[in-house]
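J.: Mind looking over this structure? Questions follow.
The values are calculated or read from the model by the stated rules, or taken from the named source; none is laboratory data. Note that the structure is a prediction, hence the values are computed from the model and not measured. Virtual Cβ from ideal backbone geometry, glycine too; neighbours counted across all protein chains shown.
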Amino acid sequence: MLIDQWQYELTIWIWLGIAAGTFILLMFVRAPYGRHERPGWGPRIPARLGWIAMESPCIIVMTVFFGIGASGWNLADPTGIIFYIMWMTHYVHRSWVWPARAHISGKKMPISIVLFAIGFNSINSWLNAEWIFSLHHPYPYEWLYSPQFIIGVMLFITGMGINIKTDDMLFALRENGEVDYKIPHGHMFKWISCPNYFGEILEWIGWALATWSLAGLSFAVWAIANLVPRARANHKWYLENFAEYPRSRKALIPKIW
Ligand SMILES: NC(=O)c1ccc[n+]([C@@H]2O[C@H](COP(=O)([O-])OP(=O)(O)OC[C@H]3O[C@@H](n4cnc5c(N)ncnc54)[C@H](OP(=O)(O)O)[C@@H]3O)[C@@H](O)[C@H]2O)c1
């Protein structure tokens, strides 16, 4: 345990306040990476390297807490092990598999964005790890049978499936070496412009339910704060850049928005 419970809770409430501020900011300023990358944000590095650097802290921080706090693969703590596997499945994919498979050769990303994301990911991973492997460790064995845990894990797996499948469909739009953008079709793209974000948000809502924690809730709120404004910007970008873009398609929530 690095801090007391009350210090920890105060930190999360401040963290939630920063998420709310970030949401408002991102409604006006598009984070400058991917299709919204633009000059004026300082020196840049290859995007692939940026993704690996900014997501890897999630693997390191969670593994340190898992190893120290929970003493690793301790079968007396099956819930902790399941949370560790869920987290690692997402972040090994996001940090190492996703950047290796994305068709982003030749694309750049500002170092400022990478540093911001390293800070965010380190704090977010610490808050979640601190709860699961220290302050609330171990979850009681019965938690495995609770509706929150079962529904949360199902949402997490469903969200991850949608996120990976639709990211894959975006990768498939480009031949090796291509960097331009095309209109995606099929799967949830029939209804919305950003099903990968929809899947990601579902994943972290599932995580919040399964862990039933302020840390999990704050991560779901951060995912919404980051991805709702970006879905809005991406959707607008598609409409502005493709005259033939399907007008019935929504940004993030099928049939609604
Ligand atoms: N939890 C969070 O807070 C959070 C925050 C940000 C991102 N993420 C996740 O990180 C992943 C990547 O995010 P992102 O914002 O980069 O997603 P994105 O804009 O949808 O791009 C995903 C990948 O597909 C490519 N791509 C997108 N649209 C394309 C099109 N129309 N034609 C051809 N290629 C296209 C992108 O290339 P370019 O890079 O060249 O645009 C990128 O490699 C997503 O799974 C997202 O959910 C999570």
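J.: Exactly one condition in (1) without any contact (Cβ under 8 Å) to a residue 60 or more places away in the chain; (2) near the ligand (Cβ under 8 Å from one of its atoms) is not met by TYR145; state its number.
T.: (2)
J.: Got a number for residues in the range 187-205 being out of contact with any strand residue (DSSP E or B) (no Cβ under 8 Å at 6 or more places or on another chain) and either within 13 Å of the ligand (Cβ to nearest atom) or within 16 Å of SER125 (Cα to Cα) (or both)?
T.: 13
J.: Do any residues in the range 149-171 that are acidic (Asp, Glu) have Cβ atoms under 7 Å from those of residues that are within 15 Å of the ligand (Cβ to nearest atom) and assigned to a helix (DSSP H, G or I), where the two are at least six apart or on different chains, and which pairs are they?
T.: Pairs found: ASP167/TRP98; ASP167/ASN196.
J.: Can you name every residue in the range 140-159 that is at pLDDT below 95 and either crowded, with 18+ Cβ neighbours inside 10 Å or small (Gly, Ala, Ser) (or both)?
T.: none
J.: Mind checking whether some residue in the range 102-121 is surrounded by 14 or more Cβ atoms within 10 Å (Cβ to Cβ), part of a helix (DSSP H, G or I) and touching an Asp or Glu at 6+ places or on another chain (Cβ under 7 Å)?
T.: yes
J.: Mind checking which residues of the range 1-34 are surrounded by fewer than 18 Cβ atoms within 10 Å (Cβ to Cβ) and touching a Lys or Arg at 6+ places or on another chain (Cβ under 7 Å)?
T.: Matches in the range 1-34: PRO32 only.
J.: If you scan the range 174-186, which residues turn out to be within 10 Å of the ligand (Cβ to nearest atom) and either part of a helix (DSSP H, G or I) or within 22 Å of ILE201 (Cβ to Cβ) (or both)?
T.: Scanning the range 174-186 gives a single hit, PRO184.
J.: Residues in the range 60-84 that are surrounded by fewer than 19 Cβ atoms within 10 Å (Cβ to Cβ) and part of a helix (DSSP H, G or I): how many? Can you show your working first?
T.: At the first step, the residues of the range 60-84 found to be surrounded by fewer than 19 Cβ atoms within 10 Å (Cβ to Cβ) are 60, 63-64, 67-68, 71-76, 78, 81-82.
Cutting the leftovers down to part of a helix (DSSP H, G or I) gives us 60, 63-64, 67-68, 78, 81-82.
So the count comes out to 8.
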